[in-house]
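The values are calculated or read from the model by the stated rules, or taken from the named source; none is laboratory data. If you're wondering where the values come from, they're calculated on a predicted model, not measured in any experiment. Note that we place each Cβ from the backbone using ideal geometry, even for glycine, and neighbour counts take in every protein chain shown. Note: areas computed on protein heavy atoms with side chains; ligands, DNA, RNA excluded. Shrake-Rupley method; radii C 1.70, N 1.55, O 1.52, S 1.80 Å.
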Amino acid sequence: MKQPQNKPRGRELGLAFPGQPGPNNAITDVPGVMVGYSTVTGENVQTGVTAILPRGKTAPPAYVWAGQHTLNGNGEMTGCHWIHDAGYFISPICITNTHSVGMAHHGVLKWMVEHYPDFFTGKHNFVMPVIAETYDGVINDINGLHITEAHVMEALNSARSGPIEEGNVGGGNGMITYEFKGGTGTASRKIKLPDKSYTLGVLVQSNFGAREDLTVLGVPVGQHLTEYTVHEQMREKEFGSIIVVIATDLPLIPSQLNRIAKRASLGIGRTGTIGGHSSGDIFLAFSTANAMTEIDSKTSTRQMEMLDDNYLNDAYRATRDAVEEAIINAMLAAQTSTSYRPEGMIVKAIDHPSLMRLMLP
């Protein structure tokens, strides 16, 4: 995985996002969380895979408590049926393009079998990976099925903590946001409670929105930044999707994580979207607290730490604010691209000076 790019992020430009971020302002500020990329670029190819490892590369693998919410369902996130029923999963999360979900699913399984042979051998354990997607067929030859098992492995093996790249990287490589070039974005928030501090981090694969709706910190900038709108050039309506992954070390049970996942809707709403008909707006929240390495425990009961519901508002606010910032960071980091279909159309990255002229008095 490449080192983080030098293009300024929102806070570096002077955008006054609310809340206090962690040291990297990234999902990897949550202890143990790692992110890796495989960015695939070639002739008519601009795609990739993003891997999120909730507990890093620990052995044996540990289950992760989770919740999931769908604002608009025109998309895919595998593994959600069991998350809804049982409230946990036990795999890395991969995000890629719409037609590569199957390959990412296959690659994650192979990676886990290779890394955790004892988990699978003799115990009949199985895994239902969490794989999500957004459509990159405007910029990328999506029907060429260019993602391979090796790309999935690269994303997983390159995963690390610390600062991570944004924009045209991993699964976000071929994405469009509010008709500007979009992609991968991240942000985090510190949550200070009376007796302890926690972290909540977000990663988005951002590929949604109509230019006219774009709002940054309450300013309707999309109504003024009207050049090079993709939908006008293509003579088509809004399309696209967004995947939001929320990580935290707060001790949350699945019903609480479901509620956290719902608040991603408020974060993307602050950027102006209406949650369009063709958009898959799908959100996952997980907690790294209460690690559980074996389902078939030798005891009949388990003890779990759980956040008092009265303190959930702090997590809701952190989620809303971090999602908004992650989306804007994805756009600010993105690089101008040329479309595959229609051939040669320019998908412009948002111009920082033009944006800031609208934002600063």
Checked region 1-76 with the C-alpha gyration tensor, a ≥ b ≥ c its square-rooted eigenvalues, rounded below a/c of 1.5, otherwise prolate if a/b is larger than b/c and oblate if not; verdict rounded
Karplus-derived 3J(HN,Hα) from phi for region 111-119 (6.51 cos²θ - 1.76 cosθ + 1.60, θ = phi - 60°), whole Hz, x at Gly and Pro, runs 4, 5, 4, 6, 8, 10, x, 5, 5
Among Lys7/Lys57; Lys57/Lys348; Lys7/Lys262; Lys7/Lys348; Lys123/Lys298, the pairs whose Cα-Cα distance exceeds 26 Å are Lys7/Lys57; Lys57/Lys348; Lys7/Lys262
per DSSP, antiparallel bridges as share of beta bridges in region 1-149, % nearest 5, sits at 75 percent
Connecting every pair of Cα atoms under 10 Å apart in the chain and solving the GNM, the largest mean-square fluctuation among Gly171, Gly22, Gly144 falls on Gly144
Checked region 78-228 with the C-alpha gyration tensor, a ≥ b ≥ c its square-rooted eigenvalues, rounded below a/c of 1.5, otherwise prolate if a/b is larger than b/c and oblate if not; verdict oblate
Rounded to the nearest 10 Å², the accessible area of Phe17 using a 1.4 Å probe with every protein chain kept is 10 Å²
Of region 24-58, those with amide N under 15 Å from the point 7 Å along the Cα→Cβ vector of Glu305 are 31-32
Mean separation of Cα contacts under 8 Å (at least 6 apart) over the residue count of region 210-361, i.e. the relative contact order in percent, is 27 percent
Here the residues of region 44-82 lying in the modelled label zone of Phe126, meaning backbone nitrogen under 15 Å from a point 7 Å along Cα-to-Cβ, are 79-82
The correct ranking of Asp281, Asp308, Asp213 by accessible area at 1.4 Å, largest first, is Asp308, Asp213, Asp281
Length-normalised contact order of region 24-151, Cα under 8 Å, at least 6 apart, in percent, tallies to 29 percent
On the accessible surface of region 3-126, probed at 1.4 Å with all protein chains in place, carbon and sulfur together account for a percent value of 54 percent
Of Trp65, Trp111, Trp82, ordered by accessible area with the largest first and a 1.4 Å probe, the sequence is Trp82, Trp65, Trp111
In vacuo Debye sum over C-alpha of the chain, base-10 log of normalised intensity I(q)/I(0) at q = 0.07, 0.11 Å⁻¹, listed in q order, is -0.27, -0.67
Placing each pseudo-label 7 Å from Cα in the direction of the beta carbon, His106 and Ala150 end up separated by a distance in nanometres of 1.5 nm
For the chain, the per residue accessible area (1.4 Å probe, Å²) is 41 Å²
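Evaluate the relative contact order of the chain (contact order divided by residue number), counting alpha-carbon pairs under 8 angstrom at least 6 apart; express in whole percent.
Worked out over the chain, it gives 25 percent.
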Rounded to the nearest 10 Å², the accessible area of His99 using a 1.4 Å probe with every protein chain kept is 90 Å²
Under the rule rounded for a/c under 1.5, else prolate if a/b exceeds b/c, else oblate, using alpha carbon gyration tensor axes a ≥ b ≥ c, region 38-82 is classed as oblate
For Phe120 the rounded accessible area (nearest 10 Å², probe 1.4 Å, non-protein molecules ignored) is 40 Å²
Quick calc: nm separation of the 7 Å Cα→Cβ label points for Met234 and Asn313 -> 4.2 nm
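Which order do Lys192, Lys57 take by accessible area at a 1.4 Å probe, largest first?
Lys192, Lys57
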